[in-house]
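Working notes for the structure below.
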Amino acid sequence: MTRVKRGVTKHRRHQKIIKLAKGYRGSHKSSYKQAKAILLKAWQYTYCHRRLRKRDFRRLWIIRINAACRQAGLRYSEFIHQLQGKMIKLDRKILAELAATKPAIFEMILKKIKP
C-alpha cells in the first residue's frame, strides 16, 4: 500500500478556514489557529442569535399591534382574545404589518371584533 501524504489536503482545508475569516482584525484573518477559534465562536453567536431574532421580531410585532389597538381604545390581550373568539386566523406578523402600513384595513378588523 502506498503512503498518503496530506500536505495538499491540509493546505486546502486551512485556506478554506482563512477564507471564511476574511474581514477579521489582526491575526484572526491570517493565522489558521486564530481564525478557526474565532470562527467557532462566531458560529456559536450566529446560532444563538438566529433564535433571539425570532423572539425580538415577535416582541416588535406585539408592540406595534398594541400601539394600534390602544389608539382604538382596546388592549392587546383583549384584541387577541377576541380575534380567537371570532375565529379570525391572522398571525401577529400580518397584524403588525397591517397596523403599520394599512391602518384602514386594521380598522376594519377592529370593527369586526368590537361588540
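The values are calculated or read from the model by the stated rules, or taken from the named source; none is laboratory data. Predicted, not measured: the structure shown is a model, and the values here were computed from it. So basically every Cβ, Gly included, is an ideal-geometry build from the backbone, and we count neighbours across all protein chains shown.
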What is the residue count in the stretch 59-101 for residues that are of a type outside the set (Gly, Ala, Ser) and in a loop (DSSP other than H, G, I, E, B)? 8
Let me spell it out: the conditions are (1) farther than 30 Å from Ala96 by Cβ; (2) in contact with a helix residue (DSSP H, G or I) (Cβ under 9 Å, 6 or more places away or on another chain), and Glu78 meets all of them except one. Which number is the exception? (1)
List the pairs whose first member sits in the stretch 12-37 and is at negative phi and touching a residue at least 12 places away in the same chain (Cβ under 8 Å), whose second member is among the basic types (Lys, Arg) and in a helix (DSSP H, G or I), and whose Cβ atoms are under 6 Å apart, counting only residues at least 6 apart or on separate chains? Ile17/Lys36
Some residue of the stretch 60-72 being of a type in the set (Lys, Arg), at pLDDT 95 or above and surrounded by 12 or more Cβ atoms within 10 Å (Cβ to Cβ): yes
Condition check for Ala104: surrounded by 12 or more Cβ atoms within 10 Å (Cβ to Cβ) and part of a helix (DSSP H, G or I): no
Failed item in (1) part of a helix (DSSP H, G or I); (2) at pLDDT below 95, with Lys41 passing the rest: (2)
Suppose we keep only residues that are out of contact with any helix residue (DSSP H, G or I) (no Cβ under 8 Å at 6 or more places or on another chain) and hydrophobic (A, V, I, L, M, F, W, C) within the stretch 85-112. Which one would you say is farthest from Cys69 (Cα to Cα)? Met87
Restricting the search to the stretch 30-59, which residues are among the charged types (D, E, K, R) and surrounded by 12 or more Cβ atoms within 10 Å (Cβ to Cβ)? Lys36, Arg58
Is it true that Arg3 is of a type in the set (D, E, K, R) and either assigned to a helix (DSSP H, G or I) or surrounded by 11 or more Cβ atoms within 10 Å (Cβ to Cβ) (or both)? no
Among (1) assigned to a helix (DSSP H, G or I); (2) at pLDDT 95 or above, where does Lys111 come up short? (2)
